[in-house]
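> Here you go, one structure.
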Amino acid sequence: MAPATGRPPHTTDRGGYFAVVDPSTGEAFDEAPDRRPEELDPVVDRARAAWPGWRADPAARRTALLAAADAVEAAATALAPLLTREQGKPLTESHAEVARTAARLRYFAELDIGAQPITDDRPVHSRLRWRSIGAVAAIVPWNFPLQLASAKFAPALAAGNTMVLKPSPSTPLATRMLGAVLAGSLPEGVLTVVTGREPLGARLASHPGIRHVTFTGSAATGRAVAAGAAASLARVTLELGGNDAAILLDDVDVEEIADRLFWAAFRNCGQVCMAVKRVYAPARLHDRVVEALAHRASTTVVGPGLDPASRIGPVSNAPQLAHVERRTARALADGGRAAAGGHRLDRPGYFFAPTILADVPAGSPVVTEEQFGPVLPVLPYDSLDEAVRAANDTGFGLGGSVWSTDLDRAAAVADRLECGTAWINHHAELSLAQPFAGAKDSGVGVAGGPWGLYGNLRPFVVHRPEEA
C-alpha cells in the first residue's frame, strides 16, 4: 500500500510530522502532519468564515451531505484498508465502519429542523426556531476513528455548524483521507481535519472561536476538555467510556447465548466503549459460562486485520497493550484464573490472547475499572439483588444487558440498571435513530437520533402580537 501522505514512511518522527504505527507489526508505516497549537487560529477562522453561508441554505446543506455520503461509499475500497492498517481491526469491520459513516450522513441530512408553535394563554403568537451554534470542535479516539468522527460531524453539519475535527494521533490517516473525500462535496472551511499530538487537542478544546466541543475518550481527559471549554463558555458533549455489565439470569440457555455474549465483549478486540466488560452469572451456571466463553476465546483466529482469516486483530497501540497487560497481571496476582488467554502472543505486533478470567475478586481493577481490551472477567452471584448491586457498583453508567428466556423478567431487571442504555439478550447494538448517552462518569450530553441533532442547535423564540 502506498503511504497516505505520498511520502516514504519513516520509522521515527521528524520535524512537522509524526510516525503512524501498524499495530499488526509494531512498525511505523507512514506519517501525518504534527500541527502546532498556534496553527489552529487560521483553521478556526476559516470555519467561522464558512459558517454564515453554510447555515443560510438548508436545502443546499442537505444536497451536499447526501453527495458526501455517496462519495464516502465510493471511496470505501481505499478507506477501509487504510483504517485497518492503522487501527488493527479486521477488514470486514473497517468496511462496516465506512458504511456506517455514509449511513449517518444520510440519516442526519434527511432530518427536518422545523419551527414549532408554542401554545399558551397569552395574546401573542410564539414560535420556536432552531439556530446553529457556529464553529464546532470534535476530538475523536482511535477505536472507531471514522464512525465516531461521523457521529460528531454529521449532526453538526446538518444543523448548520462548521467543524474542526482532530483524530487520535494513533489513527490519523483514514480520517485525513475521509476529510479529503468529503472536501469534494462540502464548501471550503465547513469541515477541516487537523492532526497532531498534544497540546493540539487541549488548544482546540479551549480555543475562543469554538462554540461547542464534542469529545469521546477517557473520563480524565473529558474533565480536562470541559475545563478548557469553560474558558469561553463553549458547550460540551462528552462520551467518556463505560464498564458495562451483562447479568445472566438463572434460566438462561448458556450455549444459545454464548456466541452473542462473546462478540459483545470481543468485537474490535474489546476496544468498544459499550462492550460487555463484566459478566455476572448465577453460581450454578458460572463454570458452564466460563467454559463456553473460554472455548470461543481459544478457538477464534487472532491475526492481522488484512488477513481474511482473522476474526480479532491486535490491540490498537502500544500504550493500550501495556494497559491490558497490567490489568490482566493484576487480576491473576489477585487470585484470578485465566480460563483462556491471559498473555501477550509471541509474535510481532500488539497481539494479546483473548482472555476469559474466573475467580477474580470483585475489587480487582479488571472488574472495577475499564480494561478496554480483549479481557473479560466472569463473576458468580448467589442472588439477583446481589448481581444488580454489583452491576451498578461502578463510576460508569454507559450500558448494560440482561440475558434470559423470560423477557418480562429480564425487562424488570434491566429497569434497575443505572445506565443510559439497557439491552435484553444482546448488547452494544444501536440504531442511528436512537439517543446514546450515559449516566455518572460516562458522559455529558446526547449523541444519536434527533437528540444528537438538537444538541448542535440553540433555541430561538420569536413573539408576534395577534392581529388586531
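The values are calculated or read from the model by the stated rules, or taken from the named source; none is laboratory data. If you're wondering where the values come from, they're calculated on a predicted model, not measured in any experiment. Please note: Cβ atoms are built from the backbone with ideal geometry, for glycine as well, and neighbour counts cover all protein chains shown. Heads up: the accessible areas ignore ligands, DNA and RNA and are worked out on the full protein's heavy atoms, side chains in. Shrake-Rupley method; radii C 1.70, N 1.55, O 1.52, S 1.80 Å.
> How big is the charge dipole of the stretch 245-424 about its Cα centre, in debye rounded to the nearest 20, if each Lys and Arg gets +1 on its Cβ and each Asp and Glu gets -1 on its Cβ?
740 debye
> Taking all protein chains as present, what is the carbon and sulfur share of the accessible area of the chain, in % to the nearest whole number, probe 1.4 Å?
Answer for the chain is 53 percent, counting heavy atoms of protein chains only.
> Something else about it: In whole Hz, with x marking every Gly and Pro, tabulate ³J(HN,Hα) for the stretch 262-276 from phi via Karplus 6.51 cos²θ - 1.76 cosθ + 1.60, θ = phi - 60°.
Rounded to whole hertz, the list is 4, 6, 5, 9, 10, 4, 6, 6, x, 9, 9, 4, 9, 5, 5.
> What list of ³J(HN,Hα) values in whole Hz, one per residue of the stretch 210-215 in order, does the Karplus curve 6.51 cos²θ - 1.76 cosθ + 1.60 (θ = phi - 60°) give from phi, with Gly and Pro shown as x?
9, 9, 8, 10, 10, 9
> Report relative contact order for the stretch 247-287 in percent, whole number only (criteria: Cα-Cα under 8 Å, sequence separation at least 6).
Across the stretch 247-287, relative contact order equals 59 percent.
> By how many degrees, 0 to 90 and rounded to 10, does the Cα axis of helix 286-299 deviate from the longest principal axis of the chain?
The two axes meet at around 70 degrees.
> Show the residues, 5+ positions off or on another chain, whose built amide H is closer than 5 Å to the amide H of residue 193.
Under 5 Å from the amide H of residue 193: 165.
> Could you tally up the Lys pairs in the chain with alpha carbons closer than 22 Å? Skip any pair fewer than 8 positions apart unless they're on separate chains.
Eligible lysine pairs with Cα atoms under 22 Å apart amount to 6.
> Rounded, prolate or oblate: which fits the stretch 245-424, taking a ≥ b ≥ c as square roots of the Cα gyration tensor eigenvalues, rounded meaning a/c under 1.5, else prolate when a/b beats b/c?
Prolate is the answer for the stretch 245-424, as a/c is 1.5 or above and a/b outweighs b/c.
> Also: Per residue of the stretch 27-32, what does 6.51 cos²θ - 1.76 cosθ + 1.60 with θ = phi - 60° give for ³J(HN,Hα)? Whole Hz please, x for Gly and Pro, Karplus curve as stated.
Here the 3J(HN,Hα) series is 10, 5, 10, 6, 8, 9 Hz.
> Ok, one more. Candidates (1) 24.5, 80; (2) 25.5, 81; (3) 23.1, 84; which is the computed Rg and Dmax of the Cα atoms in Å?
Step by step, Rg and Dmax of the Cα atoms in Å for this structure corresponds to label (3).
> Check residue 375: other-chain or 5+ apart residues with amide H under 5 Å from its amide H, H built from backbone geometry?
Sorted by chain and number, the residues that satisfy this are 355.
> Given the -39500 (n - 2.57) contribution per DSSP H run of 4+ residues, what per-residue ellipticity at 222 nm results for the chain, rounded to the nearest 500 deg cm²/dmol?
Dividing the helical sum by the residues of the chain leaves -12000 deg cm²/dmol.
> Could you give the dipole magnitude of the stretch 111-202 about its Cα centre, charging the beta-carbon of Lys and Arg +1 and that of Asp and Glu -1, in debye to the nearest 20?
Magnitude of the dipole: close to 120 debye.
> Right, something else. Using a 10 Å cut-off on Cβ atoms, rank the peptides 458-465, 35-42 from the highest mean neighbour count down.
Result, highest mean first: 35-42, 458-465.
> Further, regarding this structure: For the chain, find the longest principal axis of its Cα atoms and tell me its angle to the long axis of helix 58-74, 0 to 90°, nearest 10.
40 degrees
> Would you kindly state how much longer the chain becomes between residue 28 and residue 458 on full extension, computed as 0.36 nm times their sequence separation minus their alpha carbon distance, in nm to one decimal?
Between residue 28 and residue 458, full extension yields an extra 150.4 nm.
> Between residue 352 and residues 5 or more places away or on another chain, which pairs have amide H atoms under 5 Å apart, with H built 1.01 Å from N, and which residues are they?
315, 345
> With every protein chain present, what is the per residue accessible area of the stretch 245-424 (1.4 Å probe, Å²)?
So the stretch 245-424 comes to 39 Å² accessible per residue, rounded to a whole number.
> Treating only the Cβ atoms of Lys and Arg (+1) and Asp and Glu (-1) as charged, compute the dipole magnitude of the chain about its Cα centre; round to the nearest 20 debye.
Approximately 1460 debye in magnitude.
> Still on this model: Tell me, what is the percent relative contact order of the chain, built from C-alpha pairs under 8 Å that lie six or more residues apart?
Dividing the mean separation by the residue count of the chain yields 18 percent.
> Let me ask you something else. Please determine, in degrees from 0 to 90 and to the nearest 10, the orientation of helix 145-158 with respect to the longest principal axis defined by the Cα atoms of the chain, where the helix direction is its Cα long axis.
That works out to roughly 30 degrees.
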